[in-house]
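Report on the structure given below.
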């Protein structure tokens, strides 16, 4: 059998009459990365079934390291152990370990140790690599390094399987996606999953969006949350933010502030004013062409309202 057609079958696991993992065959496309989304118990079972297969390099998330060795010594030992021709300097650069290569592994943090494990992965010259939870508990930079490692293996013509219980982690790194459940191994629509992941990410970003309005008083900056602000006034190009009757100079333009504050319920009521509609108590007509907004509070602050803005304001507040 050629490497391109290696078939690997995972046997069924049944405990107490309950199917823990159904029998299935790993997809075998050379030079491709297959992400398999499953639960922790099934991933553990798959790893257990494959750990003695000589055709496979199995990358354990918690693979042991010789802590007394430095990074470079550990990689040299690994290269000699597997009779590899790997260029260690290149691998160290790829995995971001140049400044740690002479540091003993016992003195590295957990993320740096994970980088060492991925450096070892590039030393192995197997046709198949199976990675257990490759992205778990990693920082952004190390996840980027893992992607580079996976791409390098793929370019060598290897088959790479990613086993993880977090689907989002695998979406950007996989050529194919599968879900493993009690029914077996089912392919997923990668494009749809990517779109859904992007949609969720955008929603989360909107939900956690924070906005602070910077002002300066004497030698210190004061940051206000939008709900604290009553209104904003621009006179001769100087912008002031009014909070509880006090004014605070702001370096942002009125147009910039309008863009920032409209989502928080603010309204450009006049060419020189922005008002917090939550603070508006009354709309007053002074003359045929003169209007004013009275804000809640004991001082009954007046803010000008342009005639051209009156109709728009009525629609907003439902008058």
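The values are calculated or read from the model by the stated rules, or taken from the named source; none is laboratory data. Since the structure is predicted, the reported quantities are computational estimates derived from the model, not experimental observations. Cβ coordinates were reconstructed from backbone atoms using ideal geometry, including for glycine residues, and neighbour counts include every protein chain displayed.
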Among the residues of region 86-107, count how many are closer than 24 Å to residue 56 by Cα and in contact with a helix residue (DSSP H, G or I) (Cβ under 8 Å, 6 or more places away or on another chain).
6
Out of the residues in region 281-310 that are in contact with a helix residue (DSSP H, G or I) (Cβ under 8 Å, 6 or more places away or on another chain) and buried (at least 17 other Cβ atoms within 10 Å of the Cβ), which is nearest to residue 245 (Cα to Cα)?
295
Would you confirm whether or not region 56-76 contains a residue that is part of a helix (DSSP H, G or I), surrounded by fewer than 14 Cβ atoms within 10 Å (Cβ to Cβ) and either in contact with a helix residue (DSSP H, G or I) (Cβ under 8 Å, 6 or more places away or on another chain) or at pLDDT 90 or above (or both)?
no
Region 109-140 - residue that is without any contact (Cβ under 8 Å) to a residue 40 or more places away in the chain and surrounded by fewer than 20 Cβ atoms within 10 Å (Cβ to Cβ) and, of those, nearest to residue 82 (Cα to Cα):
112
Boolean, residue 214 is modelled with pLDDT of 85 or more, under 35 Å from the mean Cα position of the chain (by Cα) and in a helix (DSSP H, G or I):
no
Considering region 229-246 alone, what residues qualify as being surrounded by 15 or more Cβ atoms within 10 Å (Cβ to Cβ) and either over 17 Å from residue 271 (Cα atoms) or at pLDDT below 90 (or both)?
229, 243
With a cut-off of at least 2 residues that are free of Cβ contacts under 8 Å to residues at least 24 places away in the same chain and assigned by TED's automatic domain parsing to the domain that holds residue 223, name the strands (runs of 3 or more DSSP E) lying wholly within region 241-319.
246-250, 280-287, 290-295
